[in-house]
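The values are calculated or read from the model by the stated rules, or taken from the named source; none is laboratory data. Because the structure is a prediction, the values reported are computed rather than measured. Note that we place each Cβ from the backbone using ideal geometry, even for glycine, and neighbour counts take in every protein chain shown. Accessible surface areas use protein heavy atoms only, side chains included; no ligands, DNA or RNA. Shrake-Rupley method; radii C 1.70, N 1.55, O 1.52, S 1.80 Å.
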Number of protein chains: 4
Amino acid sequence: MTDTADYPEDHTPDGWLSEADIATARSRLPMLYVDAVPVRVDESGDVVAVGLLLRVSHDGAMTRALVSGRVLYHERVRDALLRHIEKDLGPVALPQVPASPQPFTVAEYFPTPGVTPYHDPRQHAVSMAYVVPVSGDCEPQQDALDLAWMTPEEACAEQVQVEMTGGHGYLLRQAMAHVGRLR
Amino acid sequence: MTDTADYPEDHTPDGWLSEADIATARSRLPMLYVDAVPVRVDESGDVVAVGLLLRVSHDGAMTRALVSGRVLYHERVRDALLRHIEKDLGPVALPQVPASPQPFTVAEYFPTPGVTPYHDPRQHAVSMAYVVPVSGDCEPQQDALDLAWMTPEEACAEQVQVEMTGGHGYLLRQAMAHVGRLR
Amino acid sequence: MTDTADYPEDHTPDGWLSEADIATARSRLPMLYVDAVPVRVDESGDVVAVGLLLRVSHDGAMTRALVSGRVLYHERVRDALLRHIEKDLGPVALPQVPASPQPFTVAEYFPTPGVTPYHDPRQHAVSMAYVVPVSGDCEPQQDALDLAWMTPEEACAEQVQVEMTGGHGYLLRQAMAHVGRLR
Amino acid sequence: MTDTADYPEDHTPDGWLSEADIATARSRLPMLYVDAVPVRVDESGDVVAVGLLLRVSHDGAMTRALVSGRVLYHERVRDALLRHIEKDLGPVALPQVPASPQPFTVAEYFPTPGVTPYHDPRQHAVSMAYVVPVSGDCEPQQDALDLAWMTPEEACAEQVQVEMTGGHGYLLRQAMAHVGRLR
């Protein structure tokens, strides 16, 4: 699970856990996450492109990722979704956050590989996943090198799938199945 | 079921049924429909208003209705949805047709009242129902007198519900339950 | 779309279309269908096997198919689902028809190939698709030679996918994505 | 949110948080929950009854509740769902845990009333909610005085709704909207 850093929010405000406390909680409680699959749609709502973030991992490998991040204390799921999309795609991405909180799936990232198709060595994270059309200008922020738009077919292809870690490639294919654009 | 007239499409193009043939088919086959609940959302996707069409029924009563209409031969569901929304709300309503074909529910309008919460004396219609955010200017078209925007709570209130016929009031409340804004 | 024969219902009861009338309507109106993906689940609801019908097509080829069939006039979707499952899997299959009418997707079978991933040369059929756990004894009925239970991974594998026609292989993979068992 | 006690699991196993640690985390992180609406269905999957737990609250009032409880560290959502249903309805309730992890809605219980329709004074809990048919014998366990089966209409009626606290009445009505049995 290539994660979106949310440190700025995490250590400043009163009432939130310190980094150390979060580290402890992470080893004992499932963490609540949201995953967003950013897409471009045509006027009939058909998905024409998927946006993937390009990052360099700790060991220097290039990886592609979806928008992903933690839901904070006292934050609504829809606000977490908006916050993470804006943090990763920039302030003028103009995401169309879904009107309904019903996710298309729930991705369960286990620290132990193989329990589910998702894996996060740091923690047990349970993520509600949404397909989110964005209509504005998107720019990679923070730690991302690039934001690449591909067709659903390209994004589901083997050469892209192998660049996605922790089950993000799997989740992307589930999203494409949901919108009727699985390869 | 206060229906959206789709006569122009129905009798002109080659390969579509004549009005008489449709009348026959209507008495023998379930007709495929789409229902759209037009909404205004804030930047977090939260529904802030619902759009209802005001019409005068055959017997002179005022009724409120959702956007509703038939799926034509060789038409995709998402294209039918776009067509009916533009027909009822105008060409610059800018609807955000859902990326996924998964409806929030399926409304089964029976000619016999009481089989389901939906009723259409003319036919057996099965309608896939979607919540559709619209971000542009909406104007009532054709046979509608007005398009009124109300809060979800107002739209679910008894005085509005009684003005909705054929189960549209019920479907509206299901839509609001789906987006977390049931009264 | 390897279809479930529903002739017995079609020509006998009063008020239903004759075969000739259905043939005409089929060329002019979208037909309403249901598709069911029969599965075996463990006590946690996890899918452990998928049931595929083996048939011989008109040209003598072996094909594998999901349960599929038309919704009749004045028939509820859930009753059509139960009827087609019992017709294909036998009277003691004990299907768990979903409590909610919300399908996991809508499969649009076009007579023209390539409009969608689904294709039916005979007609434009729009099918609401459901994953249906069955807990009883299943036996292939009527025109099916066999009912084979496979793991989700086997059912999504290339050698099985090529035996599924009209987009049923695609729909099966969408179903497996929905239940978290995509290959 | 009338909660299901899950103390036995919480303080014994190695690697889980102590009660004190959970208390701290509860004040700083959203807790992950599942809610289940137990129902009886007929052979077509139509909901004929809803099961509500009767409890006495801390201040001596009678309250009615859905099945609800925390997802533990390294526990799958579907296993948490099964565990809480068996804990509240007994070991032979025979629940049909959904094959798909997609919930019908996500209930966000905030410690501050009014942010959402759900409220839990103890914590910020985010709960994935499922309708779960049960086919076996159900008996109230632990702290519940009774398990009452009602029709969907009775369960949505005002006199029952007022006995449900923390938004469970609201969630129940959302569930009934989802299965097409809203009052």
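With a 1.4 Å probe and all protein chains kept in place, how much accessible area does C:Thr165 have, in Å² rounded to the nearest 10?
For C:Thr165, solvent-accessible area is about 50 Å².
If I histogram all Cα-Cα distances within the protein assembly as shown using bins 10 Å wide from 0, what percent of pairs lands in each bin?
Cα pair-distance distribution for the protein assembly as shown, in percent: 3, 15, 25, 28, 20, 8, 2, 0.
Across peptide B:77-84, how many C-beta atoms of other chains are within 10 Å of each residue C-beta, on average? The partial results should precede the final answer.
Values: counts 7, 9, 4, 3, 2, 4, 1, 0.
Per residue, the average neighbour count from other chains is 4.
Points 7 angstrom from Cα along the Cβ direction at A:Asp42 and B:Asp21: gap in nanometres?
2.7 nm
Got a number for carbon plus sulfur as a percent of the stretch C:34-178's accessible area, 1.4 Å probe?
53 percent
Just to be sure I understand: chains A and B are related by a rotation, so which residue of A has its Cβ closest to that axis, and how close in Å?
Measuring from each Cβ to the axis, the minimum is at A:Gln96, 3.
Give me the distance in nm between label points sitting 7 Å out from Cα along the Cα-to-Cβ direction at B:Gln141 and A:Thr151, one decimal.
3.1 nm
In percent, what relative contact order does chain A have, based on Cα pairs under 8 Å that are 6 or more apart in sequence?
Working: 368 pairs, mean separation 50.3, N = 183.
That works out to 28 percent.
What residues qualify as long-range amide H neighbours of C:Tyr33, i.e. H under 5 Å apart, gap of 5 or more or another chain, H built at 1.01 Å from N?
Placed amide hydrogens put C:Val71, C:Val126, C:Ser127, C:Met128 under 5 Å from C:Tyr33.
Sort C:Met62, A:Met31 by heavy-atom solvent-accessible area, probe 1.4 angstrom, most to least. Could you put the intermediate results ahead of the total?
On the way: C:Met62 100, A:Met31 5 Å².
These residues rank, largest area first, as C:Met62, A:Met31.
Given the protein chains as shown and a 1.4 Å probe, how many square angstrom of A:Ser135 are accessible, to the nearest 10?
Its accessible surface works out to 80 Å², give or take rounding.
On the principal axes of its Cα set, how long, how wide and how thick is the stretch A:51-118? Give whole Å, largest value first.
The principal-axis extents, from largest down, are 35, 28, 23 Å.
Output ³J(HN,Hα) for the stretch A:39-50: one whole-Hz value per residue in order, computed from phi by the Karplus curve 6.51 cos²θ - 1.76 cosθ + 1.60 with θ = phi - 60°, and x for Gly and Pro.
9, 9, 10, 8, 5, 8, x, 6, 6, 10, 7, 10
Whole-Hz ³J(HN,Hα) for each residue in the stretch D:93-99, computed from phi via Karplus 6.51 cos²θ - 1.76 cosθ + 1.60 with θ = phi - 60°, x for glycine and proline: what do you get?
Going residue by residue, I get 6, 6, x, 9, 4, x, 5 Hz, with x marking Gly and Pro.
What does the accessible area per residue of the protein assembly as shown come to in Å², with a 1.4 Å probe and no ligands, DNA or RNA counted? Write down the numbers at each step before the final one.
Working: 25690 Å² over 732 residues.
Per-residue value: 35 Å².
What is the magnitude of the charge dipole of the stretch D:34-178 about its Cα centre, with +1 placed on the Cβ of each Lys and Arg, -1 on the Cβ of each Asp and Glu, and no other charges, expressed in debye to the nearest 20? List each step's numbers first, then the result.
Details: 10 positive and 19 negative charges, 98 e Å.
It works out to roughly 480 debye.
Hey, got the average number of other protein chain Cβ atoms within 10 angstrom for residues in D:168-180? Could the numbers behind the result be given before it?
Values: counts 0, 0, 4, 2, 0, 4, 7, 3, 2, 12, 10, 7, 15.
Taking the mean over all residues of the peptide, I get 5.
Got the B:Asp143 label distances to the other copies yet, label 7 Å along Cα→Cβ, in nm, shortest first?
Its label point is 4.0, 5.6, 5.9 nm from the equivalent points in the other copies.
Summed for both chains, how many Å² of accessible area, to the nearest 100, are buried between D and C with a 1.4 Å probe?
Numbers: alone 9160 and 9180 Å², together 16710 Å².
The buried area between D and C, both sides summed, comes to about 1600 Å².
What whole number of Å gives the distance from the Cα centroid of the stretch B:115-148 to the Cα centroid of the stretch D:65-139?
Using only Cα atoms to place each centre, the spacing works out to 34 Å.
Helix A:77-89 versus the longest principal axis of chain A: what is the Cα-based angle in degrees, 0 to 90, to the nearest 10?
The angle comes out near 70 degrees.
Convex hull over the alpha-carbon atoms of the stretch B:34-178: what's its volume per residue in Å³? Before the final figure, lay out each step's value.
Working: hull volume 16.7 nm³, N = 145.
For the stretch B:34-178, the hull spanned by Cα atoms encloses 115 Å³ per residue.
Mind telling me which of D:Ala93, D:Ala80, D:Ala61 comes out most flexible in a GNM of chain D, alpha-carbon contacts under 10 Å?
D:Ala61
Which residues of the stretch C:31-69 show a drop of at least 10 Å² in accessible area when all protein chains are present, compared with their chain alone (probe radius 1.4 Å, heavy atoms only, ligands and nucleic acids excluded)?
Residues passing the criterion (a loss of at least 10 Å², heavy atoms only) are C:Met31, C:Leu32, C:Glu43, C:Ser44, C:Gly45, C:Asp46.
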